[in-house]
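K.L.:
Can you keep this structure in mind? I'll have questions shortly.
The values are calculated or read from the model by the stated rules, or taken from the named source; none is laboratory data. Keep in mind that what you see is a predicted model, and the values were worked out from it rather than measured. Methodologically, a virtual Cβ is constructed for each residue, glycine included, from the backbone with ideal geometry; neighbour enumeration extends over all protein chains shown. Areas reflect the complete protein model, heavy atoms only, side chains present, ligands, DNA and RNA absent. Shrake-Rupley method; radii C 1.70, N 1.55, O 1.52, S 1.80 Å.
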Amino acid sequence: MKTRFAGTALSAALLFYAGYAALFIAPDERTMHQLMRIFYFHLGCWMVMFGALTLAFVANIAWLATRKPKWDWLGVSGVEVGVVACTAGLVTGVLWGRPAWGIWWTWDARLTTTFILWLLYISYLLLRGLIEDPQRRATLSAVFGIFAFLDAPLVYASNRLWRTQHPAPVILGGENSGLDPMMGKVLLVCIVAMLGVGLLALIDRYRLERLRHELDELRLTVEDRSTRSNAVLTPISTRNSL
């Protein structure tokens, strides 16, 4: 409990400082000015998304290889955190794009592949909700999760492979890319803060899924014992009636 509280307090403090740094410490950008400050958390959302979905991808493969329930729990936990981060990334992107481009949305390669990724993982979660048998649910969702992840590298590479309205990468994007040193430090703080929040959410979601699994196991045990009791009592009731 103390460790959990300390982790939450540290993440909250880091997130608060990241917000302060993005608003007041980061220097003004000469073309986008104050609008640039969304970028620090916008990129942080994508880092959380890629991290969570990569973890889910590994968990899906591990489930198919071992059939251990913990991998299924980790898989669905990673997907849910990834979907939330992807949604936040899309929303902050729209908030940035409207004043920067003059439009809310455009179907360029980066935005389209990201939207498809979001739809795929929403479908993953819907699929899990439609299947009651735990083993079958875990297996089918793992296979679908592996398929869905194939779009993630395409999202990352889209504005490198094609000319898009989305800005070119500012980090590892080529000879003309790069950030002001202070901007880079603020960006690093924001990314670490967002990853900390994402990790806490992932841990809590994993624990919830484990408890849900234990509850399902308990329910199945009770139902099995109830069925056996009824099977034993039925012949006795028949003999008594005779």
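K.L.:
With Rg/Rh (Cα atoms, Kirkwood Rh) as the read-out, I listed (1) 0.98; (2) 1.11; (3) 1.15; which label goes with the value calculated from this structure?
P.N.:
Of the listed options (1) 0.98; (2) 1.11; (3) 1.15, (3) comes from this structure.
K.L.:
Treat every Asp and Glu Cβ in the stretch 107-171 as -1 and every Lys and Arg Cβ as +1, leave all other atoms uncharged, and give the resulting dipole magnitude about the Cα centre to the nearest 20 debye. Numbers along the way, then the final one.
P.N.:
Details: 6 positive and 4 negative charges, 30 e Å.
The dipole magnitude comes to about 140 debye.
K.L.:
Okay, moving on. Looking at the chain, identify the longest residue range that excludes and avoids all GluC sites (Glu not before Pro) in DSSP loops having at most 11 other Cβ atoms within 10 Å. All intermediate terms of the calculation are to be shown ahead of the outcome.
P.N.:
Working: sites that count: GLU132, GLU175.
Result, exposed sites excluded: 1-131.
K.L.:
Give the aspartates and glutamates whose C-alpha is closer than 20 Å to that of LYS70, dropping any in the same chain fewer than 8 places away, or say none.
P.N.:
Within the straight-line limit of under 20 Å, LYS70 reaches these aspartates and glutamates: GLU80, GLU132, ASP133, ASP204, GLU209, GLU214, ASP216, GLU217.
K.L.:
Taking the Cα centre of the chain as the origin, how large is its charge dipole in debye, to the nearest 20, when only Lys and Arg (+1) and Asp and Glu (-1) carry charge on their Cβ atoms? The partial results should precede the final answer.
P.N.:
Working: 23 positive and 17 negative charges, 102 e Å.
For this selection, approximately 480 debye.
K.L.:
When the chain is treated as a GNM, springs tying every alpha-carbon pair under 10 Å, which of ALA109, ALA138, ALA157 comes out with the largest mean-square fluctuation?
P.N.:
ALA157
K.L.:
Taking 0.36 nm per residue of sequence separation and subtracting the Cα-Cα distance, how much length would be gained by fully extending the chain between TYR20 and ARG228, in nm to one decimal? Could the numbers behind the result be given before it?
P.N.:
Values: separation 208, 0.36 × 208 = 74.88 nm, distance 6.25 nm.
Here the answer is 68.6 nm.
K.L.:
Please work out the FRET efficiency for the pair MET32 and ALA9, using the Cβ-Cβ distance as r and a Förster radius of 41 Å; give the result to the nearest 0.05.
P.N.:
Values: r = 34 Å, r/R0 = 0.82.
Approximately 0.75, to the nearest 0.05.
K.L.:
On to the next question. At a 1.4 Å probe radius, carbon and sulfur cover how many percent of the accessible area of the chain?
P.N.:
Numbers: 9940 of 14560 Å².
The C+S portion of the solvent-accessible surface of the chain is 68 percent.
K.L.:
So how exposed is SER229, as accessible area in Å² (1.4 Å probe, rounded to 10)?
P.N.:
Solvent-accessible area, nearest 10 Å²: 60 Å².
K.L.:
Straight-line reach only, C-alpha to C-alpha below 13 angstrom: list the aspartates and glutamates that LYS185 could link to, leaving out same-chain residues fewer than 8 apart.
P.N.:
Counting by Cα, and skipping residues close in sequence, LYS185 has no aspartates and glutamates nearby.
K.L.:
Hey, another quick one. Averaged per residue, what accessible surface does the chain expose to a 1.4 Å probe, in Å²? Present the calculation step by step, with values, prior to reporting the outcome.
P.N.:
Numbers: 14560 Å² over 242 residues.
Averaged over the residues of the chain, the accessible area is 60 Å².
K.L.:
Let me ask another. Quick one: 3J(HN,Hα) in Hz for the stretch 49-54, Karplus 6.51/-1.76/1.60 with θ = phi - 60°, rounded, Gly and Pro as x.
P.N.:
4, 4, x, 5, 6, 5
K.L.:
Further question on the same structure: With a 1.4 Å probe and all protein chains kept in place, how do LEU215, LEU90, LEU154 rank by accessible area, largest first? Don't skip to the answer; put the middle values down first.
P.N.:
On the way: LEU215 115, LEU90 30, LEU154 65 Å².
The ranking, largest first, comes out as LEU215, LEU154, LEU90.
K.L.:
Here's something else I'd like to know. Extension gain GLN135-LEU211, at 0.36 nm per residue separation less the Cα-Cα distance, in nm?
P.N.:
25.7 nm
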